[in-house]
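*Asks:* One structure is given below, represented as structure tokens, and several questions about it will come after.
The values are calculated or read from the model by the stated rules, or taken from the named source; none is laboratory data. Treat the numbers as computed from the prediction; the structure is a model and nothing was measured. Note that each Cβ is placed from the backbone with ideal geometry, even for glycine, and that neighbours are counted across all protein chains shown. Only protein heavy atoms, including side chains, enter the accessible area calculation; ligands, DNA and RNA are left aside. Shrake-Rupley method; radii C 1.70, N 1.55, O 1.52, S 1.80 Å.
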Amino acid sequence: MLSIGIDFGTSNSSVAVFDPSAPLRAGPSAPPSTSLRAGGQKVRLLELDVHARDPRVMRSLLYIPRDGEIVAGQRALDMYTEQNTGREVRMERRYLGEVKMTFSDMEVLKDAYAMVDVNEPGRLFQSLKRFLAVTSFKKTNVFGVEYTLEELVATLARQIVRGAEAALGRSIDALVIGRPVRFHDDEAKNLAAFDRLQKAWGLTGVTDIRFMEEPVAAAHHHASEARLAPGTRFLVFDFGGGTLDVTVARATEGSIDVLATGGVPLGGDLLDSRIMESRIARHFGRGARYQPEDLPVPNHIFARLRSWQSIVELNRPDRLEIIRDARKKSDSPKELSALESLVTRNHGLGLFRAIEQAKIALSDDDWAEVRLQVDEIDVAEGITRDEFEAAIGGQVKSAMRCVVKAVTDAGCEPGDIRLVITTGGSSLIPVFRERLREALPEAEITASSTFTSVAAGLALAGGTGE
Ligand SMILES: Nc1ncnc2c1ncn2[C@@H]1O[C@H](COP(=O)(O)OP(=O)(O)OP(=O)(O)O)[C@@H](O)[C@H]1O
Ligand SMILES: [Mg+2]
């Protein structure tokens, strides 16, 4: 029977199929990029997103235009960019209807209003997985249709399942789905997030669903590929867009024993925020002061520069008024004009894409530039790898604390770990690899299918009854 694994990632998703009965094909008919050797059998990545540069890796993006169409993956990004970049955001107070409010034993009806972006052609949802742990995010209204967070995640999940079914040419009724080891440091939020993930996948209509920790799946995948000597103790370092997940395991005859797992809600999105805070925010007036009183422009405005989603929140009229007032009265009018343009012309996503590109370039080069020159915005900020490493020093420390704790929890000494398998996009950042080398001096460090090892391992584990 086929076993299907879905890696539902914060940034990217992929789907793999394991067919225990399929013979291992070799030669030109089996392109090495889509076939992974697994215990002498076949694990295959599905081409999920025909619009993506690598169709096997689909961006975990959902776009809902005003007409209610559901668009996912690369096309979601393309449509959002085409329809929204540079357009003017116009917030208006709109009547939503009557809501019932209960005060002790009394019920009253009140009129409800909300600030609505009346020009908005469509809404983009990114990093939805990260919001599972944000328990205050319960629901949102998308052009008159109310979506709970679970329904939004389920909407994207259904698109992934449909893409997989199309690639497979048959319907899917059983799945193994990855989950981070920890969604949040706070245990109540961690449990709530997993509960919401289960509910969301339950809404897809697939009846038989199992969850497996993502790094454990990657460990299965690598162990079957590399045929590790039984007894070898190894660590998987799976560092993605939203979380860092690790496992310490021991290779056995044909499988693995999991000795410990651990995780922290720290990923590439947070590293992008650190570049924003440390290098870019000053181009948008952070640190500006009102004249002649020499008072600081409120920090809650700049705190919202942390992600493009929170930049959108600055369009609220009271916040825009602060920005416009500061532009007129502060010592940094040019920067505050740039901030106004960033907010009202919807350039937040474009800026964060430029930041992410610079971060990715710094994995290969010593220097990169964050560049965005549009409307009133004129950012061309060079950043060296050393400066980037200094900006993310706190994140590097917490990542290494997580690794050391997992090794201790596994009952191992650092010298017992003979192999580190890295996977996930953020694991390509050199400073994390250097710290791993220092912390685990006896280990060889090997990168394993950066964007697809989790999906492959999930499919494999499902098919071999792990
Ligand atoms: N070469 C690179 N150097 C640094 N970061 C990179 C590189 N390539 C991708 N990234 C980052 O990796 C992240 C995406 O990685 P990945 O697809 O493994 O995450 P994910 O599986 O979607 O997330 P998670 O597992 O945390 O839910 C993004 O933050 C991206 O910016
Ligand atoms: Mg991942």
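*Asks:* What's the number of the only condition in (1) open to solvent by less than 10 Å² (accessible area, probe 1.4 Å); (2) in contact with a helix residue (DSSP H, G or I) (Cβ under 7 Å, 6 or more places away or on another chain) that SER449 fails to meet?
*Replies:* (1)
*Asks:* What tally of residues in the range 135-166 results from selecting those that are aliphatic (A, V, I, L, M) and farther than 26 Å from GLY5 by Cα?
*Replies:* Step one: list which residues in the range 135-166 are aliphatic (A, V, I, L, M), which gives 142, 145, 149, 152-154, 156-157, 160-161, 164, 166.
If we keep only those that are farther than 26 Å from GLY5 by Cα too, we end up with 142, 145.
So the answer is 2.
*Asks:* The conditions are (1) open to solvent by 60 Å² or more (accessible area, probe 1.4 Å); (2) away from ligand 1 (no atom under 16 Å from the Cβ); (3) modelled with pLDDT of 95 or more, and ARG53 fails exactly one of them. Which is it?
*Replies:* (2) is the only condition that ARG53 fails.
*Asks:* While we're here: Restricting to the range 78-90, name every residue that is buried (at least 20 other Cβ atoms within 10 Å of the Cβ) and touching a strand residue (DSSP E or B) at 6+ places or on another chain (Cβ under 6 Å).
*Replies:* Step one: of the range 78-90, the residues buried (at least 20 other Cβ atoms within 10 Å of the Cβ) are 80, 84.
Listed by number, the list holds a single entry, TYR80.
*Asks:* Examine the range 396-413 for a residue that is modelled with pLDDT of 95 or more and more than 27 Å from HIS220 (Cβ to Cβ), and state whether such a residue exists. Write out each step before concluding.
*Replies:* Restricting attention to the range 396-413, the residues satisfying the condition of being modelled with pLDDT of 95 or more are 396-413.
With the extra rule that they be more than 27 Å from HIS220 (Cβ to Cβ), the set shrinks to 396-397.
Yes, the range 396-413 has at least one match.
*Asks:* Can you confirm whether ARG385 is basic (Lys, Arg) and either under 24 Å from ARG274 (Cα atoms) or within 15 Å of ligand 1 (Cβ to nearest atom) (or both)? Can you show your working first?
*Replies:* Values: basic (Lys, Arg): yes; either under 24 Å from ARG274 (Cα atoms) or within 15 Å of ligand 1 (Cβ to nearest atom) (or both): yes.
Yes: the conditions hold for ARG385.
*Asks:* Here is a further query. Which residue pairs have Cβ atoms under 8 Å apart, sit 6 or more places apart or on different chains, and have a first residue in the range 161-174 that is open to solvent by less than 70 Å² (accessible area, probe 1.4 Å) and a second that is at pLDDT below 95 and assigned to a helix (DSSP H, G or I)?
*Replies:* ALA174/GLY462
*Asks:* Further, regarding this structure: Taking VAL431, is it crowded, with 24+ Cβ neighbours inside 10 Å and not acidic (Asp, Glu)?
*Replies:* On the way: crowded, with 24+ Cβ neighbours inside 10 Å: no; not acidic (Asp, Glu): yes.
Taking the combined requirement at face value, the residue does not satisfy it.
*Asks:* Something else now. Residues to consider are ASP269, ASP257; find the one that is of a type outside the set (Lys, Arg) and within 16 Å of ligand 2 (Cβ to nearest atom). Write out each step before concluding.
*Replies:* On the way: ASP257 fails: within 16 Å of ligand 2 (Cβ to nearest atom).
It is ASP269.
*Asks:* Quick one: is ALA251 aliphatic (A, V, I, L, M), touching a Pro at 6+ places or on another chain (Cβ under 9 Å) and away from ligand 1 (no atom under 16 Å from the Cβ)? So that I can check it myself, show each step before the final result.
*Replies:* Values: aliphatic (A, V, I, L, M): yes; touching a Pro at 6+ places or on another chain (Cβ under 9 Å): yes; away from ligand 1 (no atom under 16 Å from the Cβ): yes.
In short, yes.
*Asks:* For PHE183, are the conditions met, namely being under 20 Å from the mean Cα position of the chain (by Cα), open to solvent by 10 Å² or more (accessible area, probe 1.4 Å) and within 16 Å of ligand 2 (Cβ to nearest atom)?
*Replies:* Working: under 20 Å from the mean Cα position of the chain (by Cα): yes; open to solvent by 10 Å² or more (accessible area, probe 1.4 Å): yes; within 16 Å of ligand 2 (Cβ to nearest atom): yes.
Here the answer is yes, as PHE183 does meet what is asked.
*Asks:* Determine whether GLY425 is within 16 Å of ligand 1 (Cβ to nearest atom) and either out of contact with any strand residue (DSSP E or B) (no Cβ under 7 Å at 6 or more places or on another chain) or open to solvent by 10 Å² or more (accessible area, probe 1.4 Å) (or both). Quick ask: steps written out before the conclusion?
*Replies:* Numbers: within 16 Å of ligand 1 (Cβ to nearest atom): yes; either out of contact with any strand residue (DSSP E or B) (no Cβ under 7 Å at 6 or more places or on another chain) or open to solvent by 10 Å² or more (accessible area, probe 1.4 Å) (or both): yes.
For GLY425, the condition - within 16 Å of ligand 1 (Cβ to nearest atom) and either out of contact with any strand residue (DSSP E or B) (no Cβ under 7 Å at 6 or more places or on another chain) or open to solvent by 10 Å² or more (accessible area, probe 1.4 Å) (or both) - is met.
*Asks:* Return a yes/no flag: does the range 21-34 have any residue that is touching a Pro at 6+ places or on another chain (Cβ under 8 Å) and either at pLDDT 75 or above or within 16 Å of MET1 (Cβ to Cβ) (or both). Steps first, please.
*Replies:* Let us first name the residues in the range 21-34 that are touching a Pro at 6+ places or on another chain (Cβ under 8 Å), namely none.
No, there is no match, as no residue in the range 21-34 is touching a Pro at 6+ places or on another chain (Cβ under 8 Å) and either at pLDDT 75 or above or within 16 Å of MET1 (Cβ to Cβ) (or both).
*Asks:* A follow-up question, please. How about the range 68-175: which strands (runs of 3 or more DSSP E) wholly inside it have at least 2 residues that are at pLDDT 85 or above? Please lay out each step first, then the result.
*Replies:* Values: elements: 91-103, 106-117, 122-125, 139-142, 145-148.
The qualifying strands (runs of 3 or more DSSP E) are 122-125, 139-142, 145-148.
*Asks:* Additional query: For the range 146-174, how many residues are under 13 Å from ILE70 (Cα atoms), of a type in the set (Val, Ile, Thr) and in contact with a Gly (Cβ under 9 Å, 6 or more places away or on another chain)?
*Replies:* The qualifying residues number 1.
*Asks:* What's the number of the only condition in (1) within 30 Å of ARG418 (Cβ to Cβ); (2) in contact (Cβ under 8 Å) with a residue 60 or more places away in the chain; (3) within 16 Å of ligand 2 (Cβ to nearest atom) that PHE211 fails to meet?
*Replies:* (2)
*Asks:* Would a scan of the range 222-230 turn up a residue that is within 16 Å of ligand 2 (Cβ to nearest atom), of a type outside the set (Ser, Thr, Tyr) and open to solvent by 10 Å² or more (accessible area, probe 1.4 Å)? Walk me through it before giving the result.
*Replies:* First pass over the range 222-230, keeping only residues within 16 Å of ligand 2 (Cβ to nearest atom): 222.
Filter again for of a type outside the set (Ser, Thr, Tyr), leaving 222.
The next check asks that each one be open to solvent by 10 Å² or more (accessible area, probe 1.4 Å); those that pass are 222.
Yes - at least one qualifying residue is present in the range 222-230.
*Asks:* Residue check, PHE352 against (1) open to solvent by less than 80 Å² (accessible area, probe 1.4 Å); (2) more than 30 Å from SER427 (Cβ to Cβ); (3) part of a helix (DSSP H, G or I), all met but one. Which one?
*Replies:* Going through (1) open to solvent by less than 80 Å² (accessible area, probe 1.4 Å); (2) more than 30 Å from SER427 (Cβ to Cβ); (3) part of a helix (DSSP H, G or I) one by one, PHE352 breaks only (2).
*Asks:* Checking the structure you have, find out if any residue of the range 106-128 is within 16 Å of ligand 1 (Cβ to nearest atom) and farther than 30 Å from ARG87 by Cβ.
*Replies:* The answer is no; no qualifying residue exists.
*Asks:* Condition (residue is acidic (Asp, Glu), more than 16 Å from ligand 1 (Cβ to nearest atom) and open to solvent by 30 Å² or more (accessible area, probe 1.4 Å)) applied to the range 190-202: is it met by at least one residue?
*Replies:* We begin by selecting, within the range 190-202, every residue acidic (Asp, Glu); these are 195.
Next, only the ones that are more than 16 Å from ligand 1 (Cβ to nearest atom) stay: 195.
With open to solvent by 30 Å² or more (accessible area, probe 1.4 Å) added as a condition, the list becomes 195.
The answer is yes, given that some residue of the range 190-202 is acidic (Asp, Glu), more than 16 Å from ligand 1 (Cβ to nearest atom) and open to solvent by 30 Å² or more (accessible area, probe 1.4 Å).
*Asks:* Something else about it: Output the number of the condition that VAL15 fails; it satisfies all remaining conditions of (1) away from ligand 1 (no atom under 16 Å from the Cβ); (2) at pLDDT 95 or above; (3) not aromatic (Phe, Trp, Tyr).
*Replies:* Exception for VAL15: condition (1).
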